[in-house]
Amino acid sequence: MSDATLVDLQRRRAFRAPTNEAPWLRVLLTLGVVGVLALLLFAPLIVVFVDALAQGAGAALASLANPDAESAIWLTLTVTAIVLPLNAAFGIAAAWAITKFDFRGKAFLITLIDLPFSVSPVVAGLCLVLLFGSNSLIGGWLVASGYPIIFALPGIVLATLFVTFPFVARELIPVMIEQGRAEEEAALTLGAGGWRVFFTVTLPNIRWALLYGVLLCNARAMGEFGAVAVVSGKIRGQTATMPITIEMLYNEYLSVAAFSMAALLALLALVTLTLKTLLEWRYADQLAANHRH
Amino acid sequence: MHIQIDEISKEFGSTAALTPVTLGIPSGALAALLGPSGSGKTTLLRILGGLEFPSSGRVLFDGQDATGLSVQERRAGFVFQSYALFRHMTVFENIAYGLRARPRVSRPADAEITRRVTKLLDLIQLPQIGTRYPSQLSGGQRQRVALARALAIEPRMLLLDEPFGALDARVRKELRQGLREIHDNTGLTTVFVTHDQEEAMELADLVVVMSMGRIEQVGRPADIRARPKTDFVREFISV
Ligand SMILES: Nc1ncnc2c1ncn2[C@@H]1O[C@H](COP(=O)(O)OP(=O)(O)OP(=O)(O)O)[C@@H](O)[C@H]1O
Ligand SMILES: [Mg+2]
């Protein structure tokens, strides 16, 4: 019997694996998911690009070449570049402490890590203003010594750090709990010191979770609005980040400029996603080995 | 190397894992820590390896106090219950890990590392698997790789936590023989943990029967069989 007739036979018998749903249900579910995705994800993305290019690519690029726009782009990239390594380090340290050691107050620490998720970013920004604003004790002293925090880069960095703090730790904790301490202990018995164990055993084992965490952190750091809006003072050309500039431009009915910058922000996010997909594809075998073991 | 355990106790919070235990393991012996679940076997083994520190008491290696020695300084070849192979490294790199971790002055050259790893792969009779990852090995193969990795550091003693626990009966018998041969060839003082009395009796020169953090009896298998000291030992070895 040829392959073709075999397939034919199976189809006529309407062979169905026990885990499969009925065909009509599958089609319905798939359509539903695609529909929701299209409506919530793709449509807005397309609208952003269409509006950005409404007066041609030239106008869009010109609006981005404006000095204030350039300053916003640089500011956002700078803040992200500072926040990412710091939060990666904090996240690793927190996840390490929580998963590899037993100590009092562990549950409290876990709750604390989640705090930025549950506190509104605006409230977080206000707290920073109360703490470091020129009317506060610390803030007044810092301003007097020439290091203002609020309405300046340090404030924006602090606000972004706070808001994006949980991402890395949240990704790492479950992975590190699942992996346990045995491999690290094995490395120790083989004579490796603490740092060597960290760089040759711990870090390679968590690198994928770390990468996801950093990518999420990156996306959120570039897009953060609420907390930054409060602490930055929205000074054009100085403390206005990309999301804040978008809002200001939009409020001034400069829709091409607003949507051009929004498109750029979306593109940055897409680059991050592409990077992640490429890495996953490139290291698929290692990824599988990491999970299967 | 002679191992002396001197009045060692260990508490985890309020639970006592070891009430003071004293035990001597002569140089070159193959000793089994035998006892039911929770009797403190793993805890005692980890204290020997330096992975856990006793609440009180001393550990002596060849008469010298080793209680304060760090895990790295103990140079104990440790085989973990779940083998704990480095999942992101090939078998070759797993075995080479201890050699590469040495300080520069005593680290062998790459060619020497390759030679030693190859020799160890021959020793565990798996010469072809150097390029594989742990996830691509069977349970028995993993166990043997873990043993080779522990031997690579030229340890002063060999400590194994339920080395055959997760394997089927036939593989278990085979590997038992393998461990016996490696022990006889290297002459290393070896301590292994098991809750299988048949395994302990068949493989070990010295059997240490433990229960609830205490040592019930120490002796050669034949002596323990012939003259069990306590009711617990009698019952435990009769099943
Ligand atoms: N890290 C720890 N924290 C708290 N209690 C522990 C810890 N490790 C061991 N214990 C306790 O110490 C006791 C002895 O444990 P141990 O692991 O040494 O037993 P075992 O003889 O190896 O048992 P098994 O055969 O189940 O492995 C147990 O009551 C256990 O609950
Ligand atoms: Mg145990």
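Laboratory data are not the source of any read-out in this text; all were calculated from the coordinates shown. Every value quoted in this text rests on a predicted model; they were computed, and no experiment measured them. Cβ sites come from the backbone with ideal geometry, for glycine too, and all protein chains shown count toward neighbours.
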Quick one: order A:210, B:45 by neighbouring beta-carbon count within 10 Å, fewest to most. A:210, B:45
Averaged over residues of B:91-102, the number of beta carbons from other chains lying within 10 Å of each residue's Cβ is 3
Ranked list, fewest to most other Cβ atoms within 10 Å of each Cβ, for A:217, A:127: A:127, A:217
Any idea what angle helix B:169-186 forms with the longest principal axis of chain B, computed on alpha-carbon atoms, 0 to 90 degrees, nearest 10? 80
Footprinting proxy, A:79, A:48, A:163: sorted fewest to most Cβ within 10 Å, the residues are A:48, A:79, A:163
Tell me the relative contact order for the range A:60-291 as a rounded percent, counting alpha carbon contacts under 8 Å between residues six or more apart. 30
How well do other chains shield peptide A:196-205, expressed as the mean number of their Cβ atoms within 10 Å of each residue Cβ? 3
Suppose we keep just the DSSP beta bridges with both residues in the protein assembly as shown; what percent of those would be antiparallel, to 5? 50
So for the protein assembly as shown, if I pair up every lysine 8 or more residues apart or on another chain, how many of those pairs have alpha-carbons under 23 Å apart? 5
Highest first, please rank the peptides A:262-269, A:154-161, A:65-72 by the mean number of other Cβ atoms sitting within 10 Å of their residues. A:154-161, A:262-269, A:65-72
Average the reciprocal distances over every distinct pair of alpha-carbons in the protein assembly as shown, invert the result, and give the Kirkwood radius in Å. 28.2
With +1 on the Cβ of every Lys and Arg and -1 on the Cβ of every Asp and Glu, and nothing else charged, how large is the dipole of chain A about its Cα centre, in debye rounded to the nearest 20? 560
Going through the range A:199-289, which GluC sites (Glu not before Pro) have at most 13 other Cβ atoms within 10 Å and a DSSP loop state? A:252
Size of electric dipole in the protein assembly as shown: Cβ of Lys, Arg +1 and of Asp, Glu -1, about Cα centre, debye, nearest 20: 640
Most mobile listed residue (B:70, B:82, B:14) in chain B, GNM with C-alpha springs under 10 Å: B:14
How tilted is helix B:91-100 with respect to the longest principal axis of chain B? Cα atoms for both, answer in degrees (0 to 90, nearest 10). 80
Please identify the helices of chain A, taking whole runs of DSSP H, that span at least 24 Å along their own axis as judged from the Cα atoms and have a mean Kyte-Doolittle score of 1.0 or higher. A:67-100, A:153-179, A:255-282
Summing -39500 (n - 2.57) over every DSSP H run of at least 4 in chain B, dividing by its residue total and rounding to the nearest 500, the 222 nm mean residue ellipticity is -11000 deg cm²/dmol
What does the net charge come to around residue A:112 if you take all other residues with beta carbon closer than 13 Å to its beta carbon, with K and R at +1 and D and E at -1? +1
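Over the whole of B:140-150, what's the average partner chain Cβ count within 10 Å per residue? Rounded to a whole number, please.
1
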Given contacts defined as C-alpha pairs under 8 Å and at least six residues apart, what's the relative contact order of chain B, whole-number percent? 28
Give, as a single signed number, the net charge of other residues whose beta carbon lies under 12 Å from the beta carbon of residue B:85, with Lys and Arg counted +1 and Asp and Glu -1. +3
